[in-house]
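Colleague: Below you will find the structure I want to go over with you.
The values are calculated or read from the model by the stated rules, or taken from the named source; none is laboratory data. This is a predicted model, so every value here is computed, not measured. Cβ atoms come from the backbone with ideal geometry, glycine included; neighbour counts cover every protein chain shown.
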Amino acid sequence: MIPGLKGDLENSSSAGKSTLSSDVEIEGSITFQKELLIDGKVQGQINSDGVLTIGENADIHGDIKTKSIILFGKVHGNIAAAERCELKTKSILQGDLKAARLVIEDGATFIGHSEVTSKSGPKSSDSSKRKWHWR
């Protein structure tokens, strides 16, 4: 048993997808390469150049930096997504968000500041950056 790790880790290495099931609790940092679904509890930072899905049962306390994220559960921390961030219905984000593209579905809760930046186009502050505040 690894200290700070409770539960099961499923890994489908041929597809590059890993799953942390709802009975998993992690205290510490997580780093992954391709795709990860977290449906358990995490206390710590998550860093990746891959795609992260936060499941409905997930409760994350820490900052997240990834290429793309889809949020169904709860995150208490800041999110930085290089490409895309989706906040699904019933998701809760308490923290600041920075992403190239942002999708917020009806019913999602977002408390914090967001910065949506375009990867292409001129770098003037008026056209490439938008700041939103949701409560």
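Colleague: Can you list residue pairs whose Cβ atoms sit under 7 Å apart, with the first residue in the range 56-68 being surrounded by 20 or more Cβ atoms within 10 Å (Cβ to Cβ) and the second being of a type in the set (Gly, Ala, Ser) and assigned to a loop (DSSP other than H, G, I, E, B)? Count only pairs 6 or more apart in sequence or on different chains.
Modeller: ALA58/GLY40; ALA58/GLY73; ILE60/GLY77; ILE64/GLY77; THR66/GLY50
Colleague: What is the residue count in the range 1-23 for residues that are within 15 Å of GLY55 (Cα to Cα), modelled with pLDDT of 50 or more and not hydrophobic (A, V, I, L, M, F, W, C)?
Modeller: Number satisfying all stated conditions: 6.
Colleague: Related question: Scanning the range 87-96 for residues that are closer than 10 Å to LEU71 by Cβ and in a strand (DSSP E or B), which turns out farthest from the chain's Cα centre (by Cα)?
Modeller: The extreme case among them is ILE92.
Colleague: Kindly provide the set of residues from the range 37-55 that are surrounded by 17 or more Cβ atoms within 10 Å (Cβ to Cβ) and part of a strand (DSSP E or B), ordered by number.
Modeller: Answer for the range 37-55, where residues must be surrounded by 17 or more Cβ atoms within 10 Å (Cβ to Cβ) and part of a strand (DSSP E or B): LEU37, ILE38, LYS41, VAL42, ILE46, SER48, VAL51, LEU52, THR53, ILE54.
Colleague: What number of residues in the range 100-111 are under 17 Å from LYS74 (Cβ atoms), without any contact (Cβ under 8 Å) to a residue 24 or more places away in the chain and in a strand (DSSP E or B)?
Modeller: The number of residues fulfilling the criteria is 1.
Colleague: Considering only residues that are surrounded by fewer than 16 Cβ atoms within 10 Å (Cβ to Cβ) and small (Gly, Ala, Ser), look in the range 19-36 and name the one that is nearest to LEU87 (Cα to Cα).
Modeller: SER21
Colleague: Find all pairs meeting these conditions: Cβ atoms under 9 angstrom apart; at least six residues apart or on different chains; first residue within the range 24-36 and more than 9 Å from VAL51 (Cβ to Cβ) and assigned to a loop (DSSP other than H, G, I, E, B); second residue at pLDDT 95 or above and aliphatic (A, V, I, L, M).
Modeller: VAL24/ILE38; VAL24/VAL42; GLY28/VAL42; SER29/ILE46
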